[in-house]
Amino acid sequence: MGLIETTRGLLPGAGGTQRLPRCIGIGLAKELIFTGRQIDGQQALSIGLVNHTVPQNDEGDAAYQRALTLAKEILPQAPIAVKMGKLAINRGIEVDIASGMAIEGMCYVQNIPTRDRQEGMAAFREKRPPQFIGE
């Protein structure tokens, strides 16, 4: 994988010059973009561009199966808390840290009155798995 546009006399488009530095840092993003270098999955893992690598299986869907495993790990969690966490991360990364903290606070306040938060705390106290309902 790589942003090879400079090897063709182009500039990466579709947000490549903005997204890559946010994922792996400015210096490494510049190196990869300026050289047009392509990297393999292991290199992508080592620089933090991807979270996981998997060897391909006979069916050709190893990456899909790994993603499905991750989704199954997320699924039993409190849906509103996951949604608010996603919102806080996605919006907060676009602004300075003080604004990001304010966004997190707004998301936190929206989660506090949920039945799922109450269920999660009760389940913790009672030492049992929570039963979240998305409310």
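The values are calculated or read from the model by the stated rules, or taken from the named source; none is laboratory data. All of these numbers come straight from a predicted model, not from anything done at the bench. With ideal geometry, Cβ positions are generated from the backbone for all residues, glycine too; neighbour counts draw on all protein chains shown. The accessibility values were calculated without ligands, DNA or RNA, using every heavy atom of the protein model including side chains. Shrake-Rupley method; radii C 1.70, N 1.55, O 1.52, S 1.80 Å.
Just give me the residues in region 83-125 being outside any helix (DSSP H, G or I) and over 25 Å from Glu135 (Cβ atoms), in sequence order. It would help to see each step written out before you state the result.
Applying the first criterion (outside any helix (DSSP H, G or I)) to region 83-125 yields 93-96, 112-114.
Correct list: Ile93, Glu94, Val95, Asp96.
Taking only pairs six or more apart or across chains, which ones have beta-carbon atoms under 6 Å, a first residue in region 13-27 that is more than 16 Å from Arg91 (Cβ to Cβ), and a second residue that is part of a helix (DSSP H, G or I)?
From region 13-27, the pairs are Leu20/Ala29; Pro21/Ala29.
If only one of Pro55, Pro76 is out of contact with any strand residue (DSSP E or B) (no Cβ under 7 Å at 6 or more places or on another chain), in a loop (DSSP other than H, G, I, E, B) and surrounded by 11 or more Cβ atoms within 10 Å (Cβ to Cβ), which one is it? Show your work before the answer.
Working: Pro55 fails: surrounded by 11 or more Cβ atoms within 10 Å (Cβ to Cβ).
Every option except Pro76 fails the conditions.
Please go through region 24-52 and give me each residue that is of a type outside the set (Lys, Arg) and assigned to a loop (DSSP other than H, G, I, E, B), ordered by number. Working first, answer last.
Residues of region 24-52 of a type outside the set (Lys, Arg): 24-29, 31-36, 38-52.
Hits for region 24-52 are Gly25, Gly36, Gln38, Ile39, Asp40, Ile47, Gly48, Leu49, Val50, Asn51, His52.
Out of all the residues in region 88-133, which are acidic (Asp, Glu) and within 17 Å of Pro76 (Cα to Cα)? Break it down into steps so the answer makes sense when it comes.
Residues of region 88-133 acidic (Asp, Glu): 94, 96, 104, 116, 119, 126.
The answer is Asp116, Glu119.
Of all residues in region 93-135, how many are open to solvent by less than 90 Å² (accessible area, probe 1.4 Å) and among the hydroxyl-bearing types (Ser, Thr, Tyr)?
Number satisfying all stated conditions: 2.
Just to check your reading of the model, which residue among Ile89, Ile74, Ile93 is closer than 20 Å to Asn51 by Cα, under 17 Å from the mean Cα position of the chain (by Cα) and touching a residue at least 24 places away in the same chain (Cβ under 8 Å)?
Details: Ile89 fails: touching a residue at least 24 places away in the same chain (Cβ under 8 Å); Ile74 fails: touching a residue at least 24 places away in the same chain (Cβ under 8 Å).
Going through Ile89, Ile74, Ile93 in turn, the sole match is Ile93.
Open to solvent by less than 50 Å² (accessible area, probe 1.4 Å) and at pLDDT 95 or above: does that describe Ala29? If you could, list the steps in order and put the result at the bottom.
On the way: open to solvent by less than 50 Å² (accessible area, probe 1.4 Å): yes; at pLDDT 95 or above: yes.
So Ala29 fits the description; yes.
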